[in-house]
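Notes follow the structure.
The values are calculated or read from the model by the stated rules, or taken from the named source; none is laboratory data. Treat the numbers as computed from the prediction; the structure is a model and nothing was measured. Positions of Cβ are backbone-derived with ideal geometry, glycine not excepted, and every protein chain shown enters the neighbour counts.
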Amino acid sequence: MRIASKRLAIPICLFWLACKKEPAPTASTVCFEQTVAPVIQGSCALSGCHDSTRSGGYDFSTYPGILAATVAGDSAASPLYRAIQRNNSPMPPVPFNRLSDSNISMLGTYIQERARTDLHCGDACDTTMVGYQQTIAPIVEAYCGICHGQPYAAGTINLMDYQHLEPFLQEGSFYSSIVHDGEYSPMPKGNLQLPECKLELIKKWKNQGYPNN
Ligand code: HEC
C-alpha cells in the first residue's frame, strides 16, 4: 500500500510542478513598475495624502508602504483595494474622481496575484513605441485622472480622452505644465513631477505631432 501511494504521488507531484512552471498568461499578469506604481503614485501618493508624510496613515510612495495596505492573494481583505472600490467614503476622497473601473480591477488582480515586484515585464522604460491609446492615455489617467476627468474636472479641464485633450495639446499648456517650464501651472498638482521615462514618452509623442493613434 505504502509503495503504491508513493508511486502515485510522484506523477501528481510532477504534474503539479509542470503547472507551476508554466509562465502566467500575459493577460493576467500585472507588472508593478509599468502598471501599478504609476496609478498608486498618481492617485494616492500626492503630497499631504499618502506620501512619506503619511498624513493619511499609509505611505504609498514606497513598495513596502503599498504592501502594508495589502493582504497578498486576497484583494477583498486588502485595505487598499477596499478603499478604492467602496462607494461609501471612497478613496481618493471627494471631490477627486474615482479610479477607472479598469484600474480598480487591475489593482485587484495585482493583489490576487500576490503583489509581486519580481515579474519579468521587460524594460521598465521602453520608449521604442509610443501611441496615444497604448502609452499616453494610461499615463494621463494615472497621473491626472483624479483631478481632470468626470465629475471632477479641475479648472474645468477634462483630459480623459483625445477630443478633450487636444485643445491643451495645441495651446501648449499640456506639455508646458508637465515639463515645468514656468509658462503654465506645474502639473501634476501636489505631486512629484512625472518620472523621466514618462516625460520621454510624451516628448516623443509631441515630436510626432501628438497623433491620435
Ligand atoms: C490634484 C489635482 C490635480 C492633478 C493630479 C492634476 N491637476 Fe492639472 N490642474 C489642477 C487644478 C486645480 C488646475 C487649475 C489651475 C491651478 O490651480 O493651477 C489645473 C490646471 C491644469 C492645466 C492648465 C494650466 C494653466 O496654467 O492654465 C493643465 C494644462 C493641467 N492642469 C494639466 C494637468 C496634467 C497633464 C496633469 C497630469 C500629469 C494634471 N494636470 C494633474 C489640478 C490637478
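Listed by first and then second residue, the pairs with beta-carbon distance under 6 Å, at least 6 apart or on different chains, first residue in region 170-186 and closer than 15 Å to ASN207 by Cα and near the ligand (Cβ under 8 Å from one of its atoms), second at pLDDT 95 or above and not in a helix (DSSP H, G or I), are SER176/GLU183; SER176/TYR184. Scanning region 101-109 turns up no residue that is within 16 Å of the ligand (Cβ to nearest atom) and either more than 16 Å from the chain's Cα centre (by Cα) or not assigned by TED's automatic domain parsing to the domain that holds TYR63 (or both).
Looking across region 54-83, the residues that are surrounded by fewer than 21 Cβ atoms within 10 Å (Cβ to Cβ) and of a type in the set (A, V, I, L, M, F, W, C) come down to LEU67, ALA68, VAL71, ALA72, ALA76, ALA77, ALA83. Collect the residues in region 112-169 that are within 16 Å of the ligand (Cβ to nearest atom), more than 18 Å from PRO92 (Cβ to Cβ) and surrounded by fewer than 16 Cβ atoms within 10 Å (Cβ to Cβ), keeping them in residue-number order. Residues satisfying the conditions are THR156, ASP161, GLN163, HIS164, GLU166, PRO167.
Residues of region 92-99 include none that is away from the ligand (no atom under 15 Å from the Cβ), among the aromatic types (Phe, Trp, Tyr) and in contact (Cβ under 8 Å) with a residue 40 or more places away in the chain.
Residue check: MET160 meets all listed conditions (1) at pLDDT 95 or above; (2) assigned to a helix (DSSP H, G or I) but one, namely (2). Would it be correct to say that ALA83 is without any contact (Cβ under 8 Å) to a residue 60 or more places away in the chain, more than 14 Å from CYS31 (Cβ to Cβ) and under 13 Å from the mean Cα position of the chain (by Cα)? So ALA83 does not fit the description; no. Selection of region 84-96 for residues being under 19 Å from THR35 (Cα atoms) and assigned to a loop (DSSP other than H, G, I, E, B) yields MET91, PRO92. For region 188-211, a residue qualifies if it is over 18 Å from the mean Cα position of the chain (by Cα) and either within 11 Å of the ligand (Cβ to nearest atom) or of a type in the set (Lys, Arg) (or both), and the qualifying residues are LYS203, LYS204, LYS206.
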